[in-house]
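Everything below concerns the one structure shown next.
The values are calculated or read from the model by the stated rules, or taken from the named source; none is laboratory data. Every value quoted in this text rests on a predicted model; they were computed, and no experiment measured them. Cβ coordinates were reconstructed from backbone atoms using ideal geometry, including for glycine residues, and neighbour counts include every protein chain displayed. To get the accessible areas, we keep the full protein, side chains included, count just its heavy atoms, and leave off ligands, DNA and RNA. Shrake-Rupley method; radii C 1.70, N 1.55, O 1.52, S 1.80 Å.
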Amino acid sequence: MAGADASLLAPAIIITALVIRTAVTELRHPGSARRQWAYATSPRALAAGATVAAATVLISGTRFGWAAAVWALLIGALTAFLTGRDTPAASTHPSKERPVPERRIGKVLAAIGAPLTLAGVAMYFLPGPGVPVLMTGLSLLITGLVMAAVGRR
């Protein structure tokens, strides 16, 4: 395994695990994903995450290339998550918004996962970091299909 693939594998596994964890928790406790991902609606949290991600790419982008971009994505998302934990949407009060059905979330995840999986397969056989893209695509595709199937009940 080349050094670039190995350095991309760790953040890909972490991102995949977080997405699967969110999906499984949502299946067990409906509405938990909305609270867990509430930071995505907070401008302050997104600004903090984008700043940290940009700084990571600027500092290490020339030396590590795509690996730095993937790590920056993960670091930025975790920073935004930690910064946005105190947002009103993250509270335990029920929202007046209509909840998004699990089936629709599953369809979106599957729609994102299918092309990523195909791109990962192509990158696996062509020169490129195929394994992390393939793993992320497969995890999104499988999670989406499971959520769509369970939401059908």
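For region 23-35: of the residues being in contact (Cβ under 8 Å) with a residue 24 or more places away in the chain and open to solvent by less than 60 Å² (accessible area, probe 1.4 Å), which is farthest from Lys107 (Cα to Cα)? Before the answer, list the steps.
Step one: of region 23-35, the residues in contact (Cβ under 8 Å) with a residue 24 or more places away in the chain are 23, 26-27, 30-31, 33-35.
Then drop every residue that is not open to solvent by less than 60 Å² (accessible area, probe 1.4 Å), which leaves 23, 26-27, 31, 33.
Values: Ala23: 13, Glu26: 15, Leu27: 15, Gly31: 17, Ala33: 16 Å.
For region 23-35, the residue satisfying everything is Gly31.
Go through Ala55, Ala72 for me and flag whichever is under 15 Å from the mean Cα position of the chain (by Cα) and modelled with pLDDT of 80 or more.
Numbers: Ala55 fails: under 15 Å from the mean Cα position of the chain (by Cα).
When all the criteria are applied, what remains is Ala72.
Go through region 55-71 residue by residue and tally those that are part of a helix (DSSP H, G or I) and open to solvent by less than 50 Å² (accessible area, probe 1.4 Å).
8
Scan region 61-74 and report the pairs whose first residue is without any contact (Cβ under 8 Å) to a residue 12 or more places away in the chain and farther than 15 Å from Val133 by Cβ and whose second residue is among the hydrophobic types (A, V, I, L, M, F, W, C) and open to solvent by less than 30 Å² (accessible area, probe 1.4 Å), with Cβ atoms within less than 7 Å and a gap of 6+ or a chain change.
Gly61/Ala68
With the structure loaded, tell me whether Ile13 is within 22 Å of Val133 (Cβ to Cβ), under 14 Å from the mean Cα position of the chain (by Cα) and either touching a residue at least 40 places away in the same chain (Cβ under 8 Å) or open to solvent by 90 Å² or more (accessible area, probe 1.4 Å) (or both) or whether it fails that test.
Working: within 22 Å of Val133 (Cβ to Cβ): yes; under 14 Å from the mean Cα position of the chain (by Cα): yes; either touching a residue at least 40 places away in the same chain (Cβ under 8 Å) or open to solvent by 90 Å² or more (accessible area, probe 1.4 Å) (or both): yes.
So Ile13 fits the description; yes.
Taking into account only those residues within region 111-146 that are small (Gly, Ala, Ser) and over 20 Å from Arg21 (Cβ atoms), which is most open to solvent (accessible area, probe 1.4 Å)?
The qualifying residue most open to solvent (accessible area, probe 1.4 Å) is Ala111.
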